[in-house]
Amino acid sequence: MKIEDLRKMSVNDLKSRLVDNSENLQKYRFQKSIQQLEDYKLISEMKKENAKINTILKEMLLDEVKNNE
């Protein structure tokens, strides 16, 4: 998902997406270990999306703290 689309999402949506991605990442890693995963690129894409979501959540948190000062 593009970062612009992620920025438009609410905090709760981002957190739920992060949980879903983490579960899917765990499934992909398991499938890779038993050699059932055909597209290994899915793992790196999921990790990158999780990093984007964590970055956006951190930015939102810092923005909120800055606005409260």
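Taking the options 54, 12, 21, 50, name whichever one is open to solvent by 70 Å² or more (accessible area, probe 1.4 Å), polar (S, T, N, Q), at pLDDT 95 or above and under 12 Å from the mean Cα position of the chain (by Cα).
On the way: 12 fails: under 12 Å from the mean Cα position of the chain (by Cα); 21 fails: open to solvent by 70 Å² or more (accessible area, probe 1.4 Å); 50 fails: open to solvent by 70 Å² or more (accessible area, probe 1.4 Å).
Going through 54, 12, 21, 50 in turn, the sole match is 54.
Across region 12-50, what is the total count of residues that are among the basic types (Lys, Arg) and more than 23 Å from residue 60 (Cβ to Cβ)?
Of the residues in that region, 4 qualify.
Within region 24-42, how many residues are among the hydrophobic types (A, V, I, L, M, F, W, C), open to solvent by less than 100 Å² (accessible area, probe 1.4 Å) and in a helix (DSSP H, G or I)?
The number of residues fulfilling the criteria is 2.
The values are calculated or read from the model by the stated rules, or taken from the named source; none is laboratory data. All values reported here derive from a predicted model rather than from experimental measurement. Note that we place each Cβ from the backbone using ideal geometry, even for glycine, and neighbour counts take in every protein chain shown. Just the protein is used for accessible areas: all its heavy atoms, side chains included, with ligands, DNA and RNA removed. Shrake-Rupley method; radii C 1.70, N 1.55, O 1.52, S 1.80 Å.
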